[in-house]
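What follows draws every value from the coordinates through simple rules; no lab data is involved. This is a predicted model, so every value here is computed, not measured. Backbone-built Cβ (ideal geometry, glycine too); neighbour counts: all protein chains shown.
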Amino acid sequence: MDKETQIKLNEYLGEMNLTTARKIYGRLAEEANQNRLSYEKYLLSVLEQERLERHKRRKERLLKESRLPLEKNMDTFDIKRLPRKITTQINTLSAGAFIDQKENILVFGNPGSGKTHLVCALGQALIDSGRKIYFTTCALLLQELLLAKKELKLPRLLKKISRYDVIIIDDIGYVQQEKEEMEVLFTLLADRYERGSVMITSNLPFSKWEKIFKDPVMTAAAIDRIIHHSVILELNISSYRMNQAKMRM
Ligand code: ADP
Ligand code: MG
């Protein structure tokens, strides 16, 4: 290849952000020559590498932004612990159609039953197919919402959150919250209603949610919005931690 061609190619590929292609087109061209590949096959091999690298980078970015704990994924999750019906549901949910329907996922179960691990693993599976996920504990989310409200930045925070396909709120109702905190949570859920998916985990069944939202009217309104389009997973199984401890005894 002559110098002028090389300079222009590098410049144009850089300009169009085809950085992987810029790095590899020369080497692949030599290989294509040796293997007598057609022009089309050569172009395809360059673009395939560019595409692969882009997907990888996007996935890394989404994972980082999601704040999901990386070690809680499908590979480390023993799905066979769960009842068959739930396993089937999880497989369906991993495909992500519920996101397009703006459906919510509610995971109930006693402490240690694997709620957090399950929603995190699902979150990572969804990132694999390019979805934007935001993971937070309920307590942390409330802190963020309240701070934003105090600084008159609540609309901005809600807008930022609304850009995610799924918000995972772990452990709703675990810590007793003040009424004002629950009001901002309600604002978020109302804002999200029919506009985006929420995944919620809780140790408390709906019948005890009045403890969370304090006010009966607000409790009813919150439950009503959350369950309107939702899939409920009940992990009525023993604690994983407890079983592990027993096995060691
Ligand atoms: P919960 O949120 O319901 O209290 P966690 O998801 O935090 O439960 O699970 C408790 C611990 O047990 C975590 O360390 C988690 O990784 C592990 N664990 C729970 N269920 C499973 C499972 N099915 N396979 C592998 N590890 C599990
Ligand atoms: Mg948990």
In nm, the gap between the two label points placed 7 Å beyond Cα toward Cβ at Leu152 and Lys246 is 5.8
Relative contact order as a percentage, the chain, C-alpha pairs under 8 Å and 6+ apart, gives 24
Would you mind checking the tilt of helix 179-192 against the longest principal axis of the Cα atoms of the chain, expressed as 0 to 90 degrees and rounded to 10?
50
Note on the range 1-83: contact order normalised by length, alpha-carbon pairs under 8 Å, 6 or more apart, percent, works out to 23
Using +1 on the beta carbon of Lys and Arg, -1 on that of Asp and Glu, and nothing else charged, what's the dipole of the range 91-249 about the Cα centre, debye to 20?
340
Per the charge dipole of the chain (beta-carbon charges, Lys/Arg positive, Asp/Glu negative, Cα centre), the residue among Thr76, Tyr12, Ala245 reaching farthest to the positive end is Ala245
Estimated FRET transfer efficiency (Glu30, His55; beta-carbon r; R0 25 Å; 0.05):
0.45
Is there a pair in Lys159/Lys214; Lys85/Lys132; Lys80/Lys214 whose C-alpha atoms are over 29 Å apart, and which pairs would that be?
Lys80/Lys214
Need the full-extension length gain, Glu40 to Thr92, defined as separation in residues times 0.36 nm minus the C-alpha distance. One decimal, nm.
15.0 nm
Once you have the Cα-Cα distance between Arg67 and Glu180, take 0.36 nm times their residue separation minus that, and quote the gain in nm to one decimal.
38.1 nm
Using the Karplus equation 6.51 cos²θ - 1.76 cosθ + 1.60 (θ = phi - 60°), what ³J(HN,Hα) coupling, rounded to whole Hz, does each residue of the range 44-59 give in order, writing x for Gly and Pro?
4, 5, 5, 5, 4, 5, 4, 5, 4, 5, 5, 4, 4, 5, 4, 5
Are there trypsin sites (Lys or Arg not before Pro) in the range 183-248 that DSSP marks as loop and that have at most 13 other Cβ atoms within 10 Å, and which are they?
Arg195
Would you compute, from DSSP H runs of 4+ residues alone, the mean residue ellipticity of the chain at 222 nm, taking -39500 (n - 2.57) per run and dividing by the full residue count, rounded to the nearest 500?
-18500 deg cm²/dmol
Taking 8 Å as the Cα distance limit and 6 or more residues as the minimum spacing, I'd like the relative contact order of the range 1-144 as a percentage.
27
Return one number: the angle in degrees, 0 to 90 and rounded to the nearest 10, between the long axis of the Cα atoms of helix 115-128 and the longest principal axis of the Cα atoms of the chain.
30
Per-residue ³J(HN,Hα) for the range 63-75, Karplus 6.51 cos²θ - 1.76 cosθ + 1.60, θ = phi - 60°, Hz, x for Gly and Pro:
4, 5, 4, 5, 6, 6, x, 5, 6, 8, 10, 5, 5
